[in-house]
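Worksheet: the structure to be examined is printed underneath.
The values are calculated or read from the model by the stated rules, or taken from the named source; none is laboratory data. Here the structure is a predicted model, which is why all the values come from computation and not from measurement. Counting neighbours? That spans all protein chains shown, and the Cβs are built from the backbone with ideal geometry, glycine included. These area figures cover heavy atoms from the full protein model, side chains too; ligands, DNA and RNA do not enter into them. Shrake-Rupley method; radii C 1.70, N 1.55, O 1.52, S 1.80 Å.
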Amino acid sequence: MKLTITRNGSQMTGSLCGKLDTVNAEQFSRDMQPLMDAADGDIVLDCTALDYISSSGLRLFLTLRKQVAAKGGKLTIRNLNEGIREVFAITGFFNLFTIE
Amino acid sequence: MKKLFQKWLFVFVSSAFFITFIISWLLHSHLARQSAEELLRANLVEVASRVRGTSRNLDTVIEISNHTALAKARAFARIVAENPGILEDKPKLHRLIKELDVDELHASDATGILTTSLAYNPDGKSLNDYNGFDMASTDQSAAFLEAITNPDFALVQEPQPNGILGRLFQYAGVARIDQPGIIQIGYHPARIEEAMKVADVNAIAATTRIGHHGTLTITPNDGSCPAEGKVFTSEINGAEGLSVAIPCEQYILTATLPQEELYLSRNAVIRILIIGNLVLFAVIFLLVSRLLQNVVITGIYSVNDKLGKIADGNLNEKVEINTTTEFVDLSYGINTTVNALKHAIENEAKRIDAELEMGRTIQTSVLPTDFPDTAKYSIAAMMNPAREVGGDFYDFFTLEDGRQVAIIADVSGKGITAALFMMNAKALIKEMVLAGSSLRKAVTLANEKLSANNQANMFLTAFFAVLAPATGTLTCVNAGHNPPLLKRADGSCEFIKVQPGIVLGITDMATYTEQTLTLHPGDYFCLYTDGVTEAMNSRDEQYSDPRLLETLRKICGSPAELLQAIRADVAAFVGEAPQSDDITMLILHYKP
């Protein structure tokens, strides 16, 4: 799992690469701290290279969503692959996130 | 560190070199000056004594010579008095001039006119005739006129250059005894000339050596002797020098040594010193560097190397450097620390293991094990927890109206938190389902309660199924869980198309929908968690939905047998890879 954070003006983009499973969820939660800190702004999670997400990963997405909602920012998830779309569909996450 | 040390070593060594150089320079300059002064003074003393000696010698020679001259003049006067005829007797006069060893014999009358004169020219052969010469006609000869009137008169004149050649010549005269007149002899004062040559200060100056290139100058003492006996710098022929001057008799003696020669020995010493010091300091620098390298740097690198290995997690690494006591102490200190750390980690690991064991106990102890097996249906379930406690659970119980409830759930996250959340959720769900008028309402209510005050953002996916044993009607509610499998009595298998539903615990606004399907006798209804389909092998491949479907299609038997077969296939697929998630399954068999 690798998270690359880039800043483009007021928008922060976190690009995920690899598998976000239970084993590396803890590391990811530390890596995404800059995004948590910028939760009052415009945040994009680019999942083009995200191969897999476990329930622990989903939980971290939820944590970020909750923080953004609390601080008045905006969270957008982009480029989910088919498998993860399915996960999002089953778990009802489609209704919770802005997905492009 | 080595570079730093070498830098400072270099600074110190070069400072020492520089200071040594300065001190030597000053010391040797001083010594050179001092020895030059001594040399100059010694030379001056010697020259002064020579000047005095020759000067005295000259005086003595002049005195003796003058006495002799007077004696000869008196002898000539006595001979003339006793034998006046000799003045006319040329041969006798010639003999007499030879016997008296003089060059000229003169005798005048009472008027001062020379009546007899015999004078050899400087060649000693030809004669010069002064007969009739008036002694009063020149200042030099007039000095003898007093002899005519004073019988006691005697005069020896200073030697004077005579004639064209400037030959030194001297006259001596006395009064005539036989009659008033002058008796005079003239001669060349060879001894005096010789003594004067010896006493010539210019000759002394030319023959005196001061060191190699030093000079001695002798100048008339005009009362302005510069810094008598003191050293002063001077300039001779454009070269700077060191001089000492002293007055001596009527002269000033000045001895001068050129700077170049003065500092010749100092420069030689300094050159040798520089070369010697450079070699010495280079050796010291190299030796100390080398020593530092061997004793300290190598040790430190070795310690760093070991510490790097220890930091990489190899706590069995030992530091053993025995070069110096300090390193032995350091090694001992590091080893002790690492050992203590190792023990602490082991203890912590034991504590964590104990905690994990407790979590696992919590998780497994709440799972029902009295699997129902009635005439219409039977249920089997299993849960294999991963090493780290997860939050999967299954549950089954019967409602008051005899319907059978089966639930499977997967709590997000790991650890004690997940286990406690799971316990709470399981109890809450059971309570709601038992009390609720409908399954949909029970799930909605359970979600509301779980969502309230959920600080940890925990959530769970769950699938609820309620079987009416008499009709085979299965009422289902899905809360974000994996779609169940249905294995029909004819052997066909399929994933049930479930209604999507939001996972439990995130939002209290979620609503759920019920769906019903009908089980026919001999059908198997199979619930599982993603621990099954997403079980990973060492090549990072997932067990996957299709494989689960295929496995289920191939096997038959009691629910317990199906569970075992699927579990065995998953285990075979995963191989050596560690189990990362709980593996939980529940199979309901609607008996034929």
ask   = Between B:Lys591 and B:Thr511, what FRET efficiency comes out of the Förster formula 1/(1 + (r/R0)^6) with R0 = 25 Å and r the beta carbon distance, rounded to 0.05?
value = 0.10
query = In the neighborhood of B:Pro180, defined by Cβ-to-Cβ distances under 15 Å, what is the net charge if each Lys or Arg adds +1 and each Asp or Glu adds -1?
reply = -3
query = Taking the DSSP beta bridges in the range A:2-99 as the whole, what percent of them are antiparallel, to the nearest 5?
reply = 30
Globularity index of chain B, i.e. its alpha-carbon radius of gyration over 2.2 N^0.38 Å = 2.85
ask   = Once whole DSSP H runs in chain B are found, which of them have Cα atoms spread over 27 Å or more along the helix axis and a mean Kyte-Doolittle score of at least -0.5?
value = B:2-82, B:264-292, B:325-365, B:415-435
inquiry  = Given a 1.4 angstrom probe, I'd like the percentage of the accessible area of chain B that is carbon and sulfur, rounded to a whole number.
reply    = 57
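Please compute one quarter of the surface area of the Cα convex hull for the range B:155-301 and express it in square nanometres. Kindly include the intermediate steps, with their values, before the conclusion.
Working: hull surface 69.7 nm².
Dividing the Cα hull surface by four gives the mean projection, 17.4 nm².
I'd like the GluC sites (Glu not before Pro) in the range B:68-165 restricted to DSSP loop residues with at most 11 other Cβ atoms within 10 Å, sorted by number.
Numbers: sites: B:Glu82, B:Glu88, B:Glu99, B:Glu104, B:Glu146; in loops: B:Glu88.
Passing sites in the range B:68-165 are B:Glu88.
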task = Equivalent ellipsoid semi-axes for the range B:22-74, as square roots of 5 times the alpha carbon gyration tensor eigenvalues: give them largest first, rounded to whole Å.
result = 51, 4, 4
ask   = How do B:His589, B:His343 rank by accessible surface area computed with a 1.4 Å probe, from largest to smallest?
value = B:His343, B:His589
task = Quick one: check the C-alpha center-to-center distance for the range B:447-465 versus the range A:77-100, whole angstrom.
result = 19
key: Span from the the range B:472-536 Cα centroid across to the the range A:1-37 one, whole angstrom   = 33
Cα gyration tensor shape of the range B:1-199, rounded if a/c is under 1.5, else prolate or oblate by comparing a/b with b/c = prolate
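Please compute the volume of the convex hull spanned by the alpha-carbon atoms of the protein assembly as shown and report it per residue in Å³.
Cα convex hull per residue, to the nearest whole number: 304 Å³.
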query = Based solely on its DSSP helices, what 222 nm [θ] is calculated for chain B when runs of n ≥ 4 H residues each add -39,500 (n - 2.57) and the sum is averaged over all residues, nearest 500 deg cm²/dmol?
reply = -15500 deg cm²/dmol
message = Can you tell me, using C-alpha contacts under 8 Å and at least 6 residues apart, the relative contact order of the range B:312-457 as a whole percent?
response = 15
inquiry  = Tell me the mean residue ellipticity at 222 nm calculated for chain A from its helices only (DSSP H runs of n ≥ 4, each -39500 (n - 2.57), averaged over every residue, nearest 500).
reply    = -12500 deg cm²/dmol
ask   = Using just the C-alpha positions of the range B:45-141 as equal point scatterers, what log10 of I(q)/I(0) does the Debye formula give at each q in 0.10, 0.11, 0.17, 0.21 1/Å?
value = -0.39, -0.46, -0.85, -1.14
task = Roll a 1.4 Å probe over the protein chains and send me the accessible area per residue for the range A:2-99 in Å².
result = 45
note = Interchain or sequence-distant (5+) residues whose placed amide H lies within less than 5 Å of the amide H of A:Gly41 are A:Lys74
note = Rounded to the angstrom and largest first, Cα extents along the principal axes for the range B:442-565 equal 46, 45, 22
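Apply 1/(1 + (r/R0)^6) to the Cβ-Cβ distance of A:Glu100 and B:Thr323, taking R0 = 56 Å, and write down the FRET efficiency to the nearest 0.05.
Efficiency computed from Cβ-Cβ geometry: 0.30.
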task = With the Cα gyration tensor of the range A:1-74 in hand, convert its eigenvalues to equivalent ellipsoid semi-axes via √(5λ) and list them largest first in whole Å.
result = 20, 14, 9
query = Amide H of B:Glu249: which non-local residues (sequence gap of 5 or more, or other chain) have their own amide H closer than 5 Å, using H built in the peptide plane?
reply = none
task = Can you grab the distance from the C-alpha centre of the range B:29-99 to the C-alpha centre of the range B:251-280, Å, no decimals?
result = 45
query = Looking at the range B:1-47 from every direction and averaging, what is the projected area of its Cα convex hull in nm²?
reply = 2.9
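Per residue, how much accessible surface does chain B expose to a 1.4 Å probe? Answer in Å², no decimals.
52
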task = Take the Cα radius of gyration of the range A:1-40 and divide it by 2.2 N^0.38 Å, with N its residue count; two decimals is plenty.
result = 1.19
ask   = What total accessible area, in Å², is buried where chains B and A meet, using a 1.4 Å probe and rounding to the nearest 100?
value = 1700
Evaluated at q = 0.10, 0.15 Å⁻¹: base-10 log I(q)/I(0), Debye formula over Cα of the range B:366-590 = -0.42, -0.97
ask   = Taking each full run of DSSP H in chain A as one helix, which ones are at least 20 Å long along their axis (Cα atoms) and have mean Kyte-Doolittle hydropathy of at least -1.0?
value = A:55-71
message = Quick check: convex hull of the Cα atoms in the range B:201-262, volume per residue, rounded to a whole Å³?
response = 81
